[in-house]
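Below is one structure; the comments refer to it alone.
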Amino acid sequence: MVKPVIAPSILSADFSNLGCECHKMFKLRADWVHIDVMDGHFVPNLTMGPPIISSLRKAVPRGEKDGQTTHFFDCHMMVANPEQWVPEVAKAGGDQYTFHYEATKDPVKLVELIKSHGLKAACAIKPGTSVDVLYPLADKLDMALVMTVEPGFGGQKFMADMMPKVEALRAKFPNLDIQVDGGLGKETIGVAADAGANVIVAGSSVFGAKDPGEVIQFLRDTVQDSLKKKGLLDE
């Protein structure tokens with residue numbers, strides 16, 4: 001059984017005011033914030049790294065409510081050598097470390113490394129990567145991420161043809177957190193939720209909205225309704 005998780009991507013936030021932007025998202029009932037780390041090698045863009053995560057963690061301390069971590073930092077590592085940054089992200093205050101399958105030669109060993117540092121472990125696949133590669137890993141993962149855009153830049157168009165990957169994962173692993181990232185908003189959440197995604201990354205559709213809280217609630221309600229219909233909702 002799984003729950004809806006809404007994770008606004010701070011790649012679309014005001015970089016001059018990131019701490020306040022994170023606090024705002026949590027006050028609007030976002031479950032996580034999604035932190036995109038790009039190294040300029042695995043993807044062409046260059047963004048925030050462990051020093052930013054560390055500064056954010058000081059501004060947005062981790063807490064606990066009902067046995068769950070609050071102010072959860074979901075770190076999406078779009079980097080060429082994901083093994084290198086595990087200790088740094090753990091030290092900086094990340095909660096979940098999402099590596100790309102395409103970036104490592106030994107994903108099982110990497111999952112073990114991530115967990116040994118007290119982080120949750122997740123694996124992402126790019127649009128051109130078959131979902132089959134996740135099957136041997138799924139039982140070891142806390143989450144799988146199906147990219148619905150090419151990783152590297154925000155504001156791209158949602159790729160609906162990635163949904164069969166989500167459907168296949170949900171059919172094989174009904175209790176796995178399955179995240180989708182890229183182009184998610186009111187217009188696209190329905191197809192993602194119907195496919196079985198329960199963890200939703202949304203950037204410009206939240207941060208660019210007149211009422212971000214209303215968008216977050218809409219995304220949550222849509223996912224919740226779909227999970228309930230499938231008998232997968234953890235209530």
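The values are calculated or read from the model by the stated rules, or taken from the named source; none is laboratory data. The shown structure was predicted, so the numbers you read here are calculated from the model rather than taken from an experiment. Using ideal geometry, Cβ is built from the backbone for each residue, glycine included, and neighbour counts are taken over all protein chains shown. Please note that ligands, DNA and RNA were not included when accessible areas were found on the heavy atoms of the full protein model with its side chains. Shrake-Rupley method; radii C 1.70, N 1.55, O 1.52, S 1.80 Å.
Quick notes on this one:
- The chain: most fluctuating residue of LYS165, LYS115, LYS105 per GNM, C-alpha cutoff 10 Å: LYS105
- Alpha-carbon centroids, region 80-158 and region 1-72: separation in whole Å: 16
- For HIS100, distant residues with modelled amide H under 5 Å away: VAL79, ALA124
- Apportionment of accessible area to carbon and sulfur, the chain, percent (1.4 Å): 50
- Summarising the label geometry, the points placed 7 Å from Cα in the beta-carbon direction at LYS115 and ALA80 lie 3.0 nm from one another.
- For region 49-127, the ratio of Cα radius of gyration to the globular rule of thumb 2.2 N^0.38 Å stands at 1.09.
- Using a Förster distance of 45 Å, the FRET efficiency for VAL133-ARG62 (Cβ separation, nearest 0.05): 0.90
- Cβ-derived FRET efficiency at R0 25 Å, THR70 paired with PHE15, nearest 0.05: 0.60
- Projected area, mean over directions - region 140-235, Cα convex hull, nm²: 6.3
- Per residue accessible area of the chain, 1.4 Å probe, in Å²: 44
- Distance histogram in 5 Å bins (all Cα pairs of the chain, percent per bin): 1, 7, 16, 20, 22, 18, 12, 4, 0
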